[in-house]
Amino acid sequence: MEAVELGLREALRKDGRVLLETLYNQPGLSVPDNASQPGEKCHPARAKDIQTLFGTIQVSRNYFYQPETQTGRFPLDQALGLVHSFSPALVRLAARAAAKEGYESASQDLLAQAGVHLEGRQIQRLVNLSAPGVAAQLEQGANLKTDPIPILYAEVDGTGVPMVEEELEGRPGQQEDGSAKTREAKLGAIFTQTKTDQEGLPVRDHASTTYVGSFEGATEFGSRIRAEGLRRGLARASQVVFIGDGAAWIWELARVNFPAAIFILDLYYALERLHALCAGLYGQDSPWAARMAHTWTAMLKNDQVGQVIAAARRRRQDLGLPPQDALEKQIAYFEHHQDKMRYQTYRQQGLFYGSGVIEGGCKSVIGQRLKESGMFWTEAGATSVLNLRLALKSNRWDECWDRLHNSLYLKIKAAAQN
């Protein structure tokens, strides 16, 4: 049966090629702007090979050349939405494969699953050509939902992406010699919550998470995540919550772009800082450090961060430490962010207070494709793949591609009806 099905697929591909060639070469095919404009000279019957889902076809079309400006155009190519010599349907399929895995693996899967042969380097080229259009659709797409939003969340984080040497010249990093091996890709997530479970724990709305990402600076990226929030319904949300870890740029971004939000410091990040503080005050791996970490964790979760700060300061005084040592800076961190650490209150309000969504997003959106072993990227190449993955992981793939080619489809359809 496998042989029959594969043979039938190949026969259908052959018939598809014949049908497409017949369709696009018919004498009466109506094509928008398929006439000479003032000063243009028409060169008819220019042949072109087009790669499609069914294989390679050949079409004959008009070429119009303007000697004065030394420019030319192929109206049929424009009407069909060709990406160089590739059909838009083939580009869409190849881009989706490349969004999920490396170019060579995408090539192998396209051949095995669709009978389409494209080399990895061809797929890479198509990704770089098509990704900017998808990125534009991600920004321009309107959210047609008008349902009330009880709680809208925003989360932001960053993760390093390995880069080629040329992209890292002059950039400081965390290597022993002070150099960098990666560039930070920033990722933002917007999602909603409408209910809690039987235990009062928050439940993220199904398929409500959308992502934005880039290699921009914090200021530019802040505008990007705010725009996505507005697209998702920020203005009609009853409550807005921003969750982040301890990075200063994240909280400045939140202050500027989500000023009315409830700011929450990720609990697990706060606990990491708390354990480090206990180790410094009572000795690394000591029983007292473990005991105080347990006690202060309970207090932190019970909205008693002020008492934790006071207890830590008393311990510093008992130790006779200098005024501005590293432990004082640790305590000052809790003091500075204590208004973001009301975890019992958040629990009672049925809110999320962990940044697991964005941490998982850094792994699934960025890490699984851009941080595989042996990968080194240019910023342009990484951005192209990232934009495709943003569309894919935000469940906006079909929306973006449909809208990208919709105007071309409407043009050729209108011409055919006239």
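The values are calculated or read from the model by the stated rules, or taken from the named source; none is laboratory data. What you see is a predicted model; the values in this text were computed from it and never measured. Quick reminder, even Gly has a Cβ in these numbers, built from the backbone with ideal geometry, and neighbours come from all protein chains shown. These area figures cover heavy atoms from the full protein model, side chains too; ligands, DNA and RNA do not enter into them. Shrake-Rupley method; radii C 1.70, N 1.55, O 1.52, S 1.80 Å.
Data overview
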{"quantity": "Label-point separation, Ala247 to His336 (7 Å along Cα→Cβ), nm", "calculated": "1.6 nm"}
{"quantity": "Share of carbon and sulfur in the accessible heavy-atom surface of the stretch 1-128 [1.4 Å probe, %]", "calculated": "53 percent"}
{"quantity": "Added length on full extension, which subtracts the Cα-Cα distance from 0.36 nm per residue, Gln368 to Lys329", "calculated": "10.5 nm"}
{"quantity": "Carbon/sulfur fraction of accessible area - the stretch 274-410, other protein chains in place, 1.4 Å, %", "calculated": "52 percent"}
{"quantity": "Dipole magnitude of the chain, debye to nearest 20 (Cβ charges: Lys/Arg +1, Asp/Glu -1, about Cα centre)", "calculated": "900 debye"}
{"quantity": "Centroid-to-centroid separation of the stretch 1-62 and the stretch 347-361 [C-alpha atoms, Å]", "calculated": "52 Å"}
{"quantity": "Within straight-line cross-link reach of Lys41, lysines at Cα separation under 30 Å, skipping those fewer than 8 residues along the same chain", "calculated": "Lys411, Lys413"}
{"quantity": "Debye, to nearest 20: dipole size of the stretch 3-62, +1 on Lys, Arg Cβ, -1 on Asp, Glu Cβ", "calculated": "120 debye"}
{"quantity": "From phi via Karplus (6.51, -1.76, 1.60), per-residue ³J(HN,Hα) for the stretch 274-290 in Hz, x at Gly/Pro", "calculated": "5, 5, 5, 5, 5, 5, x, 7, 10, x, 4, 6, 7, x, 5, 4, 5"}
{"quantity": "C-alpha center-to-center spacing [the stretch 125-165, the stretch 385-404] in angstrom", "calculated": "8 Å"}
{"quantity": "Sites Val256 and Lys145, calculated FRET efficiency, Cβ-Cβ separation with R0 30 Å, nearest 0.05", "calculated": "0.70"}
{"quantity": "Spin-label pair Asp15/Arg46, simplified geometry with 7 Å Cα→Cβ offset, distance in nm", "calculated": "3.5 nm"}
{"quantity": "Per residue value of the accessible surface for the stretch 212-331 (all protein chains in place, 1.4 Å probe), Å²", "calculated": "48 Å²"}
{"quantity": "Distance between modelled label sites at Leu230 and Ala298, nm, 7 Å Cα→Cβ extension", "calculated": "4.8 nm"}
{"quantity": "Kirkwood Rh in Å, taken over the chain so that all alpha-carbon pairs contribute", "calculated": "25.5 Å"}
{"quantity": "Cβ-derived FRET efficiency at R0 56 Å, Ser36 paired with Gln198, nearest 0.05", "calculated": "0.20"}
{"quantity": "In Å², nearest 10: area of Lys14 left accessible to a 1.4 Å probe", "calculated": "130 Å²"}
{"quantity": "Share, in percent, of DSSP beta bridges within the chain that are antiparallel, nearest 5", "calculated": "75 percent"}
{"quantity": "Cross-link table Lys195/Lys363; Lys48/Lys393; Lys195/Lys340; Lys301/Lys371, entries beyond 28 Å C-alpha to C-alpha", "calculated": "Lys48/Lys393; Lys301/Lys371"}
{"quantity": "Translational diffusion coefficient (Stokes-Einstein; Kirkwood radius from C-alpha pairs) of the stretch 191-279 at 37 °C, 0.692 mPa s, in µm²/s", "calculated": "221 µm²/s"}
{"quantity": "Size of charge dipole - the stretch 195-274 - debye, nearest 20, with Cβ of Lys, Arg +1 and Asp, Glu -1, no other charges", "calculated": "360 debye"}
{"quantity": "Vicinal HN-Hα couplings computed from phi for the stretch 245-259 (Karplus, 6.51 cos²θ - 1.76 cosθ + 1.60; Hz; Gly/Pro x)", "calculated": "8, x, 5, 5, 5, 5, 6, 5, 4, 5, 4, 6, 9, 9, x"}
{"quantity": "Difference of contour (0.36 nm per residue) and Cα-Cα distance, Glu101 to Ser60", "calculated": "11.2 nm"}
{"quantity": "Computed log₁₀ I(q)/I(0) - Debye formula, equal Cα scatterers, no solvent, the stretch 219-354, q 0.09 Å⁻¹", "calculated": "-0.32"}
{"quantity": "Karplus (6.51, -1.76, 1.60) ³J(HN,Hα), θ = phi - 60°, over the stretch 210-226, in Hz, Gly and Pro reported as x", "calculated": "10, 10, 10, x, 5, 9, 6, x, 4, 5, 5, 5, x, 5, 5, 6, 5"}
{"quantity": "Value of [θ]222 nm, deg cm²/dmol, for the chain, DSSP H segments ≥ 4, -39500 (n - 2.57) each, nearest 500", "calculated": "-16000 deg cm²/dmol"}
{"quantity": "Contact order normalised by residue count of the stretch 206-322, Cα under 8 Å, 6+ apart, percent", "calculated": "16 percent"}
{"quantity": "Long-range amide H partners of Ser394 with built H, under 5 Å", "calculated": "Tyr211"}
{"quantity": "Gained length - Glu272 relative to Val4, 0.36 nm times residue gap less alpha-carbon distance", "calculated": "90.5 nm"}
